[in-house]
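Undergrad: Please find one structure pasted underneath; my questions will follow.
The values are calculated or read from the model by the stated rules, or taken from the named source; none is laboratory data. In this text the structure is predicted, and so the values were computed from the model without any measurement. Every residue, glycine as well, gets a Cβ built from its backbone with ideal geometry; the counts of neighbours run over all protein chains shown.
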Amino acid sequence: MKNYPIWLLTLYLLLSCQPLIKEVQTAPLGVTAKNAMVVSAREEASKIGVAVMAQGGNAFDAMFATELALAVTFPYAGNLGGGGFMVYRLNNGTTGSLDYREMAPLAAEQDMYLDDMGQHDRKLSTLGAMAIGVPGTVKGIFEAHTQFGKLPVDQLIDPVIDLARNGYVVTAKQEERLNQYRDLIRETSGQQVLYAQTYKAGDTVKNPALASTLVRLREEGANAFYNGSMAEQMSQFIQTKGGIIKKEDFEQYRAYWRRPIRFSYQDLDIISMGPPSSGGLCLGQIMGMIAPYDLESLGHNTAAYVQHLTEAERRAYADRSHYLGDPDFVAIPTAQLLDSAYLRHRMSTFSPTKATESANMGYGEINFIESDETTHYSIVDPMGNAVSVTTTINGAYGSKLFDPELGFFYNNEMDDFSAKPGSPNMFGLIGGQANAIAPKKRMLSSMTPTIVERNGELWQVLGTPGGSTIITSVLQVILNTHHFKMTMQQAVNQPRFHHQWLPDLIQFEQEGFSEALMNSLKNQGHGIYQGEGRVIGKVDAIMRHSDGILEAGADPRGDDTAVGF
Ligand code: GLY
């Protein structure tokens, strides 16, 4: 941070935590700001993103810096060794999306995770070098910057290099997570690596190896990672550890600009990520299925409300498992899946008082016409551009394989493929042939970086981690604000539930749902799961109020923090 003029630092630090809305609010209001805001999983990352905008940068510059700062301070999910999706809306209303999802290596095979008995070897697809998909994050942020960025790369990257060199302070939640995964990290990466060590809350973690990697990116750009010495270094390291990624995999990796999914819900227009993420399509299907019902009269989080959402979710996730995959490999009937007549037909078996059994309900018939970890951040810049980014290494600390020379964890995104039709992945999601493994194919995601317009104006920027629960978390936050008039922070704070077709259960967060509600749903025939300490999603969102003030929803389930000016 030392490169910034002191007056600028003082200005944004002073303003970042000050509520600017003066009128009395009856509901908790998140951090507010007049001009610009970043909400992310770490305070340092949000501050660095906002500082970029205070220096004249735009939302895409802030994206570049925030993503890298998360790679330093949030190794749980922030990354250079993973991938992600970005949805944007420019201040002139233009929208688009960037796919920098990982891809299967050239040597990948459909049955690569099946053992001699033809069973899915879950350890192989989740732990260590064989679980790694070719990382896309570095390509993604450079691509976004080349297309839309204003400030030079060194101005964006230098504060992050300082952060990696000088260190970040471990939070209590980080200490807990590191304790939880240390044995697996040690088993996979050895006793010596940075995150095999024990850290207590308040300790400072310095990552000089990652600082050197960032210096190389500053000097040579994304080429260093995909075509240069780093590609050689990474592929050798991965192969030494038993993986199959070669230098050519890095050379052939591309980030793609894709048309986002866009659909209307009452007076809202929702712009979200399309395949290879299922996020936007599934969200559109669920919202299309619940649109005919008067949710407000059902009441927030009542048994009737849970029943309506659950039954729509069940049907959308059943379609997801059958139809969705990488659009460059499979034909996806997007228009039909979002068609209102199709969605009405899907709900024709819906009963407001009885659970539909997933076992008796497959995917819908479509006539084809040819035609658990992640992180999210939301950004609005002073010009009114908005960027919604979800990025991941899949599981907590990804494959648990840490590259000691480069200073980061590699993903275990290969587990998002359907390793064997009918066999659940780590999120319990069942996939079909559409999401089978093939060389250079991208694994189906649930990431749902989303932007909401109301009456044609920017209203919300939001998204969340949470594997399969991402889609339903985003859904509930939008409904909380739209139907129940909650502030952004209040909407994010609300307890959440989730259904994904199979397993045939409604999952609930531990806090916030009564025994009576559970009993009522059990009586309707639902299976209920309420895991101890279970949280569903960590939503980071921004709402633009009608007076132009930006309000954050930073999820209290994590260390998530909003900063603005
Ligand atoms: N790795 C989680 C997802 O992409 O949905």
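Undergrad: When you scan segment 42-146 for helices (runs of 4 or more DSSP H) that lie fully inside it, which ones turn up with 3 or more residues that are surrounded by 24 or more Cβ atoms within 10 Å (Cβ to Cβ)?
TA: 43-54, 59-73
Undergrad: Go through (1) modelled with pLDDT of 95 or more; (2) more than 30 Å from Ala62 (Cα to Cα) one by one and return the number of the condition Thr375 breaks.
TA: All conditions are met except number (2).
Undergrad: Residues of segment 431-459 being among the β-branched types (Val, Ile, Thr) and crowded, with 24+ Cβ neighbours inside 10 Å, which ones?
TA: Once the filter is applied, which keeps residues that are among the β-branched types (Val, Ile, Thr) and crowded, with 24+ Cβ neighbours inside 10 Å, segment 431-459 yields Thr448, Thr450, Ile451, Val452.
Undergrad: From Phe427, Phe402, grab the single residue that is within 11 Å of the ligand (Cβ to nearest atom) and more than 17 Å from Met103 (Cα to Cα).
TA: Every option except Phe427 fails the conditions.
Undergrad: Report yes if some residue within segment 380-398 is of a type in the set (Val, Ile, Thr), away from the ligand (no atom under 16 Å from the Cβ), on the phi < 0 side of the Ramachandran plot and more than 14 Å from the chain's Cα centre (by Cα); otherwise report no.
TA: Scanning segment 380-398, I find at least one residue that is of a type in the set (Val, Ile, Thr), away from the ligand (no atom under 16 Å from the Cβ), on the phi < 0 side of the Ramachandran plot and more than 14 Å from the chain's Cα centre (by Cα), so the answer is yes.
Undergrad: Only one of these conditions is not met by Arg442: (1) under 16 Å from the mean Cα position of the chain (by Cα); (2) closer than 23 Å to His498 by Cβ; (3) of a type outside the set (Asp, Glu). Which number is it?
TA: Tallying (1) under 16 Å from the mean Cα position of the chain (by Cα); (2) closer than 23 Å to His498 by Cβ; (3) of a type outside the set (Asp, Glu), Arg442 fails exactly one: (2).
Undergrad: Moving on to the next point. Being touching a helix residue (DSSP H, G or I) at 6+ places or on another chain (Cβ under 6 Å), surrounded by 22 or more Cβ atoms within 10 Å (Cβ to Cβ) and of a type in the set (A, V, I, L, M, F, W, C) is true for just one of Ile536, Ile542, Ile470. Which residue is that?
TA: Ile536
Undergrad: Still on this model: Give the residues of segment 435-447 that are out of contact with any Leu (no Cβ under 6 Å at 6 or more places or on another chain) and within 16 Å of the ligand (Cβ to nearest atom), sorted by residue number.
TA: Ile437, Lys441, Arg442, Met443, Ser445, Ser446, Met447
Undergrad: What do you reckon, is Ala419 at pLDDT below 95 and in a helix (DSSP H, G or I)?
TA: no
Undergrad: Sort out for me the strands (runs of 3 or more DSSP E) sitting completely within segment 217-296 that have 2 or more residues that are crowded, with 22+ Cβ neighbours inside 10 Å.
TA: Fully inside segment 217-296 and qualifying: 268-272.
Undergrad: Only one residue in Ile471, Ile451 is near the ligand (Cβ under 10 Å from one of its atoms), in contact with a Leu (Cβ under 8 Å, 6 or more places away or on another chain) and not polar (S, T, N, Q). Which one?
TA: On inspection, the qualifying residue turns out to be Ile471.
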